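Asks: Take this structure, written in structure tokens, and hold onto it; I'll ask about it next.
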Amino acid sequence: MTDSLEAMTEAAAPWDIAEYERLARIATAAVARFVDESQRAGAPVGAPPPLPELIETLRLRELVRGERLDGDRFEPWLDDVLAHSVRLHHPHQIAHQVSNPDVPSAISDLVQGAINQPMSIYEMGPAAHAMERVVVEWMCEKVGWPAGSGGVLTHGGSLANLTVLLAARAVAAPDAWVDGVDGTLAVLAPPGSHYSVKRSVAMLGLGERAVVDLEVDEYERIVPEALGDALERCQAEGRRPMALVAAAGATSTGLHDDLEAIGEFCREHGIWFHVDAAHGATALLSPGHRHLLKGIELGDSVIWDTHKMMRTPALVAAVLLRDEHRLEAAFRQKAAYLIYEDAEEESPSLLERQVECTKAALGMRIFMNLAFRGEDGIGRYVAEQYDKTARFHDLIAARPGFECLSRPESNILCFRYGRDPDQQVRLRERLLAEERFHLSSTEVNGERWLRITVTAPATNEETIAGLIDAIEELAAA
Ligand SMILES: Cc1ncc(COP(=O)(O)O)c(C=O)c1O
């Protein structure tokens, strides 16, 4: 038998259960060592080498083209992969809004990776489908909506924003699915809204110009008193607002728009109110922080990413609508081989609510964290990260030469050392290159800031004191 024939036979064979058990043991042990080392800061936070170098180190091209892994080679190779992965559990990893996955959710992916339940249609993944239904129902309750609300889980906040805006378009222009759009629709949004909002508007055929910028304050929050002007501007251009988008946890700053005032304005003017709570919605589970989302229930739609603060692996986002029928009206297609109207009761389907056909068992990730930790456990996680970030603000703001944009309202904090924008960029690059700290940077109202997102439970005051010292030392050098 030639090598390639042997490989084909292996790939075509039924599972070798002993192989599965062996590889799973190696993998879980390696991941356990990696997370343990990361959260103890037993290794530097790390920095990516140049891409071509990493491709070589991991022998990716060779492995794709014929070289093989086996039980013996897998362990050292996986250790190498982990060594070149971002250490999300490391206290010095304070860069991005990526969740610090919790154990139950991580195990969900281990299970689903093996049993593969694409569950858009009930009969294709009954348990996983049931979990999504129950989790979405629970999320609508948390938003504060009555019966009649509902939604769907989708692969990420960007797709969730697109799905919501499609539903809003179906209300504003019911014929758009068949006839396209005529250039009279508009979406009102602050300039700092997540880029997926503008991208969605363009993808829906409205053209980027259909996004009407809302006036914002020095922290890029929507100024509710100026909404009337924006509406007039929109109408003067001959456009009708299809939706207004506000942020509950803005991407750059982590600050919250005044949902109550904005929601009331939208109600008064009959405008679809969309709350992009991708980052902030999990704070609904923390009694001390849920006030930040006051007014969220006035939304016609909400998106909620659980791969941000609910500690699930990427990607899981909920698309939630106060009136769930509006979501079904968004997609008007039928696929004869999958959607049988009269079979709906036997095998319920989510296809009429989502972009995806095949979809991962997203609900189980959320379900597992809830079932093991409870709402209160997750709420405590959020409270700890948010409260810690407020204390980090005090530490940083008290140090001469440092300035914070504002008191944080979440686990995102913007600060700078001096005011030179290039210096902020250089500091970030040096801290990363020296594998000391991984932080991000952003622009707010045209000014450059350093930005931290605190997701690892291991990040503490000592981390931030070290960060401040490191910045002073680098700036002095
Ligand atoms: C407010 C907000 N909305 C939407 C998104 C997009 O989410 P995703 O990265 O899951 O597509 C983000 C991501 O950072 C975000 O911060």
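Asks: Quickly run through region 217-254 and pick out the residues that are closer than 17 Å to His274 by Cβ and among the β-branched types (Val, Ile, Thr).
Replies: Ile222, Val245, Thr251, listed by residue number.
Asks: How many of the residues in region 112-134 are surrounded by 22 or more Cβ atoms within 10 Å (Cβ to Cβ) and farther than 30 Å from Tyr20 by Cα?
Replies: Final tally of qualifying residues: 0.
Asks: Within region 405-433, track down each residue that is in a loop (DSSP other than H, G, I, E, B) and either touching a helix residue (DSSP H, G or I) at 6+ places or on another chain (Cβ under 8 Å) or touching a residue at least 40 places away in the same chain (Cβ under 8 Å) (or both). Walk me through it before giving the result.
Replies: Quick first cut of region 405-433, residues in a loop (DSSP other than H, G, I, E, B) only: 405-411, 418-420.
Of everything in region 405-433, those that are in a loop (DSSP other than H, G, I, E, B) and either touching a helix residue (DSSP H, G or I) at 6+ places or on another chain (Cβ under 8 Å) or touching a residue at least 40 places away in the same chain (Cβ under 8 Å) (or both) turn out to be Leu405, Ser406, Arg407, Pro408, Glu409, Ser410, Asn411, Gly418.
Asks: Given the criteria farther than 19 Å from Trp138 by Cβ, within 11 Å of the ligand (Cβ to nearest atom) and not basic (Lys, Arg), does Gly254 qualify?
Replies: Values: farther than 19 Å from Trp138 by Cβ: yes; within 11 Å of the ligand (Cβ to nearest atom): yes; not basic (Lys, Arg): yes.
Here the answer is yes, as Gly254 does meet what is asked.
For every residue, the table says whether it meets (1) under 26 Å from the mean Cα position of the chain (by Cα); (2) within 26 Å of Trp304 (Cα to Cα); (3) of a type in the set (Gly, Ala, Ser).
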{"residue": "Asp36", "(1), (2), (3)": "yes, no, no"}
{"residue": "Pro48", "(1), (2), (3)": "yes, no, no"}
{"residue": "Arg65", "(1), (2), (3)": "no, no, no"}
{"residue": "Gly71", "(1), (2), (3)": "no, no, yes"}
{"residue": "Asp79", "(1), (2), (3)": "no, no, no"}
{"residue": "Ile107", "(1), (2), (3)": "yes, yes, no"}
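Asks: Okay, next question. Within region 32-42, can you find the residues that are exposed (fewer than 15 other Cβ atoms within 10 Å of the Cβ) and in a helix (DSSP H, G or I)?
Replies: Scanning region 32-42 gives Ala32, Arg33, Asp36.
Asks: Can you tell me which condition Asp79 does not meet? The list is (1) surrounded by fewer than 17 Cβ atoms within 10 Å (Cβ to Cβ); (2) closer than 28 Å to Gly156 by Cα, and all the others hold.
Replies: (2)
Asks: Any residue that is among the charged types (D, E, K, R), within 15 Å of the ligand (Cβ to nearest atom) and farther than 23 Å from Arg365 by Cβ - is there at least one of those in region 184-207?
Replies: Filtering region 184-207 for residues among the charged types (D, E, K, R) gives 198-199.
Going one step further and asking which of them are within 15 Å of the ligand (Cβ to nearest atom), we end up with 198-199.
Those left that are additionally farther than 23 Å from Arg365 by Cβ: 198-199.
Taking every residue of region 184-207 in turn, at least one turns out to be among the charged types (D, E, K, R), within 15 Å of the ligand (Cβ to nearest atom) and farther than 23 Å from Arg365 by Cβ.
Asks: Right, next: Being within 16 Å of the ligand (Cβ to nearest atom) and more than 19 Å from the chain's Cα centre (by Cα) is the filter here, so list the residues in region 274-308 that pass it.
Replies: Once the filter is applied, which keeps residues that are within 16 Å of the ligand (Cβ to nearest atom) and more than 19 Å from the chain's Cα centre (by Cα), region 274-308 yields only Gly299.
Asks: Oh, and also: Does any residue in region 80-106 that is more than 18 Å from Gly374 (Cβ to Cβ) come within less than 7 Å, Cβ to Cβ, of a residue that is aromatic (Phe, Trp, Tyr) and more than 15 Å from the ligand (Cβ to nearest atom) six or more places away or on a different chain, and which pairs are these?
Replies: Listed by first residue and then by second, the contacts come to Leu82/Phe34; His92/Phe437; Ile94/Phe437.
Asks: Starting from residues that are of a type in the set (A, V, I, L, M) and crowded, with 16+ Cβ neighbours inside 10 Å, keep the ones in region 87-106 and report whichever is farthest from the ligand (Cβ to nearest atom).
Replies: Residue satisfying both the conditions and the ranking: Ala106.
Asks: Restricting region 156-183 to residues that are more than 21 Å from the chain's Cα centre (by Cα), in contact (Cβ under 8 Å) with a residue 24 or more places away in the chain and in a helix (DSSP H, G or I), which is farthest from the ligand (Cβ to nearest atom)?
Replies: By that ranking, first place goes to Val178.
Asks: Kindly list, by first and then second residue, each pair from a residue in region 457-477 that is in a helix (DSSP H, G or I) to a residue that is hydroxyl-bearing (Ser, Thr, Tyr), limited to pairs with Cβ atoms under 7 Å and residues at least 6 apart or on different chains.
Replies: These pairs meet every condition: Ile471/Tyr417; Ala475/Tyr417.
Asks: Just one of Trp77, Trp15 is part of a helix (DSSP H, G or I) and either within 28 Å of Leu450 (Cα to Cα) or not small (Gly, Ala, Ser) (or both); which is it?
Replies: None of the other options fit; the residue is Trp77.
Here is a yes/no grid of residues against (1) under 20 Å from the mean Cα position of the chain (by Cα); (2) of a type in the set (Val, Ile, Thr); (3) under 30 Å from Glu434 (Cβ atoms); (4) part of a helix (DSSP H, G or I):
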| site | (1), (2), (3), (4) |
| --- | --- |
| His96 | yes, no, yes, no |
| Ser99 | yes, no, yes, no |
| Gln117 | no, no, no, no |
| Glu123 | no, no, no, yes |
| Ala130 | no, no, no, yes |
| Val136 | yes, yes, no, yes |
| Cys140 | yes, no, no, yes |
| Trp145 | no, no, no, no |
| Gly151 | yes, no, no, no |
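Asks: Which is in a helix (DSSP H, G or I) and basic (Lys, Arg), of Arg436, Arg373?
Replies: Details: Arg436 fails: in a helix (DSSP H, G or I).
Going through Arg436, Arg373 in turn, the sole match is Arg373.
Asks: Do we find a residue being modelled with pLDDT under 95 and over 19 Å from Leu474 (Cα atoms) anywhere in region 441-457?
Replies: yes
Asks: Which one of the conditions (1) assigned to a helix (DSSP H, G or I); (2) touching a residue at least 40 places away in the same chain (Cβ under 8 Å); (3) more than 19 Å from His155 (Cα to Cα) does Gln112 fail to meet, given that it meets all the rest?
Replies: Only one criterion in (1) assigned to a helix (DSSP H, G or I); (2) touching a residue at least 40 places away in the same chain (Cβ under 8 Å); (3) more than 19 Å from His155 (Cα to Cα) is unmet by Gln112, namely (3).
The values are calculated or read from the model by the stated rules, or taken from the named source; none is laboratory data. Keep in mind that what you see is a predicted model, and the values were worked out from it rather than measured. Cβ: placed from backbone, ideal geometry, glycine included. Neighbour counts: every protein chain shown.
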